[in-house]
Amino acid sequence: MSNMTLGRNDGCKPFIRHTNFDIGLCKGTRIMTAEGNLPVEYLQAGDRITTQKGTAELRHVASRMVPVIRPVLVRAGVLGQHRPTRDLVLGPDQRVYLPNWRARVRFGSDQASAPVSQLIDGEFIRQTEASVKVQIYNLEFDTPQIIYAEGAEIMSATCPVQSAYIFAAE
């Protein structure tokens, strides 16, 4: 009998996730699920998350205490009527979906997504004053999803990482 651990192929390296923790949701952010709004820290693989196109099964939740980050504060209502429903704190590279005139003005398209740090105006969307230690959560799905965080539409962590992603009309 071999000394090798069952289920492991000799010479194969284990799968390692490389997660960008400048993308993500801060602890306490409420996510819309099939069970209602739940804090992101309560979510786990298998949960049904409400997306722009229905629901999707959450495959993995990555979480990490990030020692130095300047999160971005998005004031309630700044992304549309009641979007977000309350102040929202995001990692600076977290992509926000813009489905309206904001996308036309900023990117010349009816819909776009961009890192929240590109939307900073210094008043309603601004970086926090100082770097702080923050618990960041990334939600992973089989395919890129637009999910609802405090009512605001944001892109899941598996979405393309480009400076701005313009959506083609369907």
What number goes with the only condition from (1) within 13 Å of the chain's Cα centre (by Cα); (2) modelled with pLDDT of 90 or more; (3) among the acidic types (Asp, Glu) that residue 35 does not pass? (1)
Looking at segment 52-87, which of the residues that are of a type outside the set (A, V, I, L, M, F, W, C) and not in a loop (DSSP other than H, G, I, E, B) is farthest from residue 148 (Cα to Cα)? 67
Keeping to segment 104-118, report how many residues are closer than 21 Å to residue 129 by Cβ and open to solvent by 20 Å² or more (accessible area, probe 1.4 Å). 2
Hey, could you check segment 96-119 for residues that are under 17 Å from the mean Cα position of the chain (by Cα) and β-branched (Val, Ile, Thr) and say which is nearest to residue 39 (Cα to Cα)? 96
Consider segment 153-163. How many of its residues are surrounded by fewer than 19 Cβ atoms within 10 Å (Cβ to Cβ) and either of a type in the set (Ser, Thr, Tyr) or modelled with pLDDT of 95 or more (or both)? 2
Go through segment 38-51 residue by residue and tally those that are under 14 Å from the mean Cα position of the chain (by Cα), part of a strand (DSSP E or B) and of a type outside the set (S, T, N, Q). 2
Among the residues of segment 49-68, is any basic (Lys, Arg) and either open to solvent by less than 20 Å² (accessible area, probe 1.4 Å) or more than 19 Å from residue 143 (Cβ to Cβ) (or both)? yes
Would you please name the residue that is nearest to residue 78 (Cα to Cα), looking only at residues in segment 119-152 that are surrounded by fewer than 16 Cβ atoms within 10 Å (Cβ to Cβ) and at pLDDT below 85? 128
Matching residues, segment 88-103, being in a loop (DSSP other than H, G, I, E, B) and surrounded by fewer than 16 Cβ atoms within 10 Å (Cβ to Cβ): 100
Within segment 117-144, tally of residues that are outside any strand (DSSP E or B) and under 19 Å from residue 51 (Cα atoms): 4
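The values are calculated or read from the model by the stated rules, or taken from the named source; none is laboratory data. What you see is a predicted model; the values in this text were computed from it and never measured. As a convention, Cβ positions derive from the backbone with ideal geometry for all residues, glycine included, and neighbour counts pool all protein chains shown. Note: areas computed on protein heavy atoms with side chains; ligands, DNA, RNA excluded. Shrake-Rupley method; radii C 1.70, N 1.55, O 1.52, S 1.80 Å.
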